[in-house]
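> One structure follows; several queries about it will come next.
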Amino acid sequence: AQSVAQPEDQVNVAEGNPLTVKCTYSVSGNPYLFWYVQYPNRGLQFLLKYITGDNLVKGSYGFEAEFNKSQTSFHLKKPSALVSDSALYFCAVRDGDTGGFKTIFGAGTRLFVKA
Amino acid sequence: EAQVTQNPRYLITVTGKKLTVTCSQNMNHEYMSWYRQDPGLGLRQIYYSMNVEVTDKGDVPEGYKVSRKEKRNFPLILESPSPNQTSLYFCASRAGYEKLFFGSGTQLSVL
């Protein structure tokens, strides 16, 4: 069965500092991995994805994530946080070998960036 | 503009009164899905549809129905809502194995 764990309910970081939001996953086949962001009173927006290829993927708004197969992780990173990055972040996984009918989401991590 | 449109945005109802939340996408996507979002639980899939007239249960389908008579529309039906269905609901669609496009959400309160 697929599952996603986001071990931190909340991450606090000062503006200008690097940020990391952690994600680990479990899937029997090839993982398709995604990060989405949710701003207040909005739907989820796509940030980046890993399907195949380079383990380091770059996405919107300066975010990047590294796929680590041995650690089954897909942590979201940004070199320099902005106050406007404060939002709820979701990691998600699909099993690429079973047709990808289901996308499983983590519980979400709330990011607070302090000025 | 490519988008997924949900209506209504907010809905307050009473236990047992049937309701429908509409979802429409203009991207010709074959795949559509409904999720509910609850604090600490993330998004959980209710139902999904791979194409017209093809629907299947997600992880939390009890108390919900869906239909897919046209490619662009995927309504969510609560025939007898209960307070435990109070939640934030999202419709989403995608093409192939790509990213999901989400609607703006429907905040449902069942009293």
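> Return the only residue of B:Tyr31, B:Tyr35 being at pLDDT 95 or above and among the hydroxyl-bearing types (Ser, Thr, Tyr). First the steps, then the outcome.
Values: B:Tyr31 fails: at pLDDT 95 or above.
From the options B:Tyr31, B:Tyr35, the qualifying one is B:Tyr35.
> I'm told A:Tyr36 meets every condition in (1) of a type outside the set (Asp, Glu); (2) farther than 26 Å from B:Ser33 by Cα; (3) modelled with pLDDT of 95 or more except one. Can you identify the failing condition by its number?
(2)
> On to the next question. Would you pick out the residues in the range A:40-51 that are open to solvent by 50 Å² or more (accessible area, probe 1.4 Å) and more than 20 Å from B:Tyr97 (Cβ to Cβ)?
Of everything in the range A:40-51, those that are open to solvent by 50 Å² or more (accessible area, probe 1.4 Å) and more than 20 Å from B:Tyr97 (Cβ to Cβ) turn out to be A:Pro40, A:Asn41, A:Arg42.
> Among the residues of the range A:52-65, which ones are without any contact (Cβ under 8 Å) to a residue 12 or more places away in the chain and open to solvent by less than 90 Å² (accessible area, probe 1.4 Å)?
Listed by number, the residues that qualify are A:Gly53, A:Leu56, A:Val57.
> Here's a follow-up. Just name the residue that is farthest from the other protein chains (Cβ to nearest Cβ) out of those in the range B:90-111 that are farther than 17 Å from A:Gln45 by Cβ and of a type in the set (Ser, Thr, Tyr).
B:Ser109
The values are calculated or read from the model by the stated rules, or taken from the named source; none is laboratory data. Owing to the predicted nature of the structure, the values given are computational and were not obtained by experimental measurement. Cβ atoms come from the backbone with ideal geometry, glycine included; neighbour counts cover every protein chain shown. Keep in mind that these areas ignore ligands, DNA and RNA; they rest on the heavy atoms of the full protein, side chains included. Shrake-Rupley method; radii C 1.70, N 1.55, O 1.52, S 1.80 Å.
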